[in-house]
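Structure, as structure tokens:
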Amino acid sequence: MKRSLIALAVLAASGAALAQSSVTLFGVMDATMAVGHGSIANKTQLTNSGNTTTRLGFKGTEDLGGGLNASFWIETGINNDDGSGQATNLNNTAAGATPATGGITFNRRSTVSLSSQLGEIRIGRDYTPHFWNYVWFDPFTYNGVGGIATVHGTIAGATKVRASNSISYFTPATLGGFYGQLMHYFGEQSSGTATSSDGNGTSLRVGYAKGPVNVAIATSQTNYLAPGNTKTTNVGASYDFGAAKLFGLYDQDKISGGTKGSGWLVGVSAPVGVGEFRASYSGYKGTLTSNDPRLTKLAVGYVYNLSKRTALYATIAHLNNKDGSAVTLNGATTAANSGSSGLDLGLRTSF
């Protein structure tokens, strides 16, 4: 009888612990037919992530009591057109980049965190704070052929999207609309060398989002002996009128050796029927040579929602090159100062 009571007590305790924890499997599969045209060569390919980046992830939270929670999040990018994994970076430098043709790496996010009413401490590989402005203030969310021109021209380096070996603090969601994130990341180089600081950096983002308004400013610096420390500062804003949502963003990049770049975007999204219309006009220019190469891009798209999780989409874009620029869309080849156009047709589903 005693043993039965003990067993029941253990099962009850286990059930209580499980009730305070959760683990979720989630993901997106996005297949894209991408067509690119240039003055030299065109290209058609089956690729992915024309609307939303294909991914597979696991996340979980444990309630530790007293308002304290422990969480984990691991998320990998997948090339669903051929089944390969996507690249990651080990130490936030060019030398730390890994190939995108191997097996799965949890390149998108790999973090553990503690959170409470005072905010969240998050450790691991994650998005840099300054990257979030590209996502929130681009109607194409930095994806596909329609993504902001900064995708093609930025000189921001290995940490323009994510950083490995990072520690972040996120403000709590109880500040009346104000929010922020501070991140420091490590290149993990050996001390006593000229490159001991390579890959170290700090990024900060603060913003305000309430009602129809969202506005944020971010800045970062990543240290490199060569070509020099990389700095990025950007500011973005959006306003939702209900019938349409307007976007704006300005970005400035600088390498301490003297190289500079700047980008901008104006955009709009609007519900139309069962889907969403999107459009943007963006540009980037960078002092990369003795010239001042620059590009501008016009993009228009429509997402047709088959359900809450599944959608068909189409995006068309045209890019103009000037002053020596030769950027192309969807893998095409073009001569300097010539244009390029691209088309994405795709199917996206999430789970």
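Values quoted throughout were computed directly from the atomic coordinates according to the rules given, and no laboratory measurement underlies them. Being a predicted model, the structure only gives us computed values, none of them experimental. Positions of Cβ are generated from backbone atoms using ideal geometry, with glycine treated the same way; all protein chains shown enter the neighbour counts.
For segment 252-337, what's the radius of gyration and Dmax over Cα atoms, in angstrom?
In Å, with Rg to one decimal and Dmax whole: 16.8, 51.
Which entries of 231/308; 59/160; 231/297 have Cα-Cα distances beyond 32 Å here? Can you show the working numbers first?
On the way: 231/308 39 Å; 59/160 24 Å; 231/297 24 Å.
In this structure, 231/308 exceed 32 Å between Cα atoms.
As an exercise, use a Förster radius of 41 Å and the Cβ-Cβ distance of residue 62 and residue 190 to find the FRET efficiency, rounded to the nearest 0.05.
Details: r = 36 Å, r/R0 = 0.89.
About 0.65, to the nearest 0.05.
Taking square-rooted eigenvalues a ≥ b ≥ c of the alpha carbon gyration tensor, is segment 134-193 rounded, prolate or oblate, where a/c under 1.5 means rounded and, failing that, a/b exceeding b/c means prolate? Don't skip to the answer; put the middle values down first.
Working: a/c = 3.51, a/b = 1.13, b/c = 3.10.
Taking the square roots of the gyration eigenvalues as a ≥ b ≥ c, segment 134-193 is oblate.
Rounding to the nearest 20 debye, state how big the charge dipole of the chain is about its Cα centre with +1 on each Lys and Arg Cβ and -1 on each Asp and Glu Cβ.
About 280 debye.
May I ask you to order 84-94, 166-176 by the average number of other C-beta atoms within 10 Å around their residues, highest value first?
Numbers: 84-94: 19.8, 166-176: 14.5.
Listed from highest to lowest mean packing, they are 84-94, 166-176.
So what is log10(I(q)/I(0)) for the chain at q = 0.12 1/Å, when the Debye sum runs over its Cα atoms only?
-0.97
What length, rounded to one decimal in nm, is gained on full extension from residue 25 through to residue 206, with 0.36 nm per residue of separation minus their alpha-carbon distance?
Working: separation 181, 0.36 × 181 = 65.16 nm, distance 3.02 nm.
That works out to 62.1 nm of additional length.
Give the distance, in whole Å, between the Cα centre of segment 170-222 and the Cα centre of segment 65-92.
Cα centres, segment 170-222 to segment 65-92: 19 Å.
Quick check: the angle from helix 2-19's long axis to the longest principal axis of the chain, C-alpha only, nearest 10 degrees?
The two axes meet at around 20 degrees.
With only Lys, Arg, Asp and Glu charged, each at its Cβ (+1 for the first two, -1 for the last two), find how big the charge dipole of segment 140-265 is about the Cα centre; round to the nearest 20 debye.
Numbers: 8 positive and 5 negative charges, 37 e Å.
Using only the charged Cβ atoms, the result is roughly 180 debye.
Can you work out the FRET efficiency for the pair residue 72 and residue 43, with r the C-beta to C-beta distance and R0 = 41 Å, to the nearest 0.05?
Values: r = 40 Å, r/R0 = 0.97.
Computed FRET efficiency for residue 72 and residue 43 comes out at 0.55.
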